[in-house]
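Each value in this text was obtained by applying a stated rule to the coordinates, not by laboratory testing. Just so it is clear, the model here is predicted, and its values are computed rather than measured. Positions of Cβ are generated from backbone atoms using ideal geometry, with glycine treated the same way; all protein chains shown enter the neighbour counts.
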Amino acid sequence: MLLEDPRTVPVPVVLAGRTVRLEPLAVRHAEGLALAGAQDRAAYAYTPVPDGPEAAHDYVARALTDQAAGRALPFALVTAFDGRVVGSTRFLELDYWRGPVVWPPVTGAPYGDPLTAVPDAAEIGNTRIAGCARGTGVNAEAKLLMLRHAFETWGVRRITLRADARNVRSRAAIERLGAACEGVRRAHARGLDGAVRDTAFYSVLREEWPAVRSLIELRLPAAARPPATLSRPRRDHDGAAGRLLLT
């Protein structure tokens, strides 16, 4: 379901699956993100997670600023079972390769009418999933929905994923999707802990997508869990619980 917004490239979209629904991130999701981020702050070693309602609202506001500028397409992860927010994710690093060839290349700017533009390459990142949703198939299905939209609706040539090289859990989650490791960029950025970090880069190419899609789809039936595993009662639309799994 497309949600028309003339400010944004590409147009926001709802991606609905069996266990999770990806909704365009909005202010109404901030409370749920804050509740999730309040759990076990010691677990957030590699990725910044909003700490408290004010930080969650600021996180959403900055994400919406990036969306309005066409730099990202952020989502809230909402359980299909009970409508609770269990995390967030986004498309970012949107790149457009259509139109005349210019040098040096201009990235992040579509050629022609921006209302009809779709990216030729993008990254999936800034993913945070509540611990209560771990093992339920939410993460795998969210990635499947995003990859399917990117390759089958936008027609991208490449999707990139990355992780702090020290984040073994996130790297394993990416590798289980079937993404190819492109290598580790050494001394790539400053980490959340202040250390200069290496970054592991992964990608899925258009010609690899059918095999990757089949792999994820095979995993989903085994990974899916009934609503009982998401044990916290629903709190309106935006409640969330559990610590975040950073992927």
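Work out how much length Thr65 to Ala189 would gain on full extension: take 0.36 nm times their residue separation and subtract the Cα-Cα distance, in nm to one decimal. List each step's numbers first, then the result.
Working: separation 124, 0.36 × 124 = 44.64 nm, distance 2.30 nm.
Roughly 42.3 nm would be gained on extension.
Kindly identify the stretch 82-223 as rounded, prolate or oblate by the Cα gyration tensor criterion: order the square roots of the eigenvalues as a ≥ b ≥ c, call it rounded if a/c is under 1.5, otherwise compare a/b with b/c, prolate if a/b is larger, else oblate. Walk me through the intermediate numbers first.
On the way: a/c = 1.74, a/b = 1.24, b/c = 1.40.
Oblate is the answer for the stretch 82-223, as a/c is 1.5 or above yet b/c matches or exceeds a/b.
Could you work out the relative contact order of the stretch 57-139? I mean the mean sequence separation of Cα pairs under 8 Å and 6+ apart, divided by the number of residues, in percent. Don't skip to the end; give the middle numbers.
Details: 115 pairs, mean separation 22.2, N = 83.
Reported relative contact order: 27 percent.
Dipole of the stretch 115-219, Cα-centred, from +1 at each Lys and Arg C-beta and -1 at each Asp and Glu C-beta, to the nearest 20 debye?
Numbers: 18 positive and 12 negative charges, 66 e Å.
Dipole magnitude for the stretch 115-219 comes out near 320 debye.
Under the Karplus relation 6.51 cos²θ - 1.76 cosθ + 1.60, θ = phi - 60°, what is the ordered set of whole-Hz ³J(HN,Hα) values for the stretch 198-211, x standing for Gly and Pro?
Residue by residue, the stretch 198-211 yields 8, 10, 8, 10, 10, 8, 10, 9, 3, 6, 8, 4, x, 5 Hz.
In Å, what Kirkwood hydrodynamic radius results for the stretch 119-186 from the alpha-carbon pair distances? Intermediate results must be reported in sequence, preceding the final value.
Values: mean 1/r = 0.0766 Å⁻¹.
Here the Kirkwood hydrodynamic radius works out to 13.0 Å.
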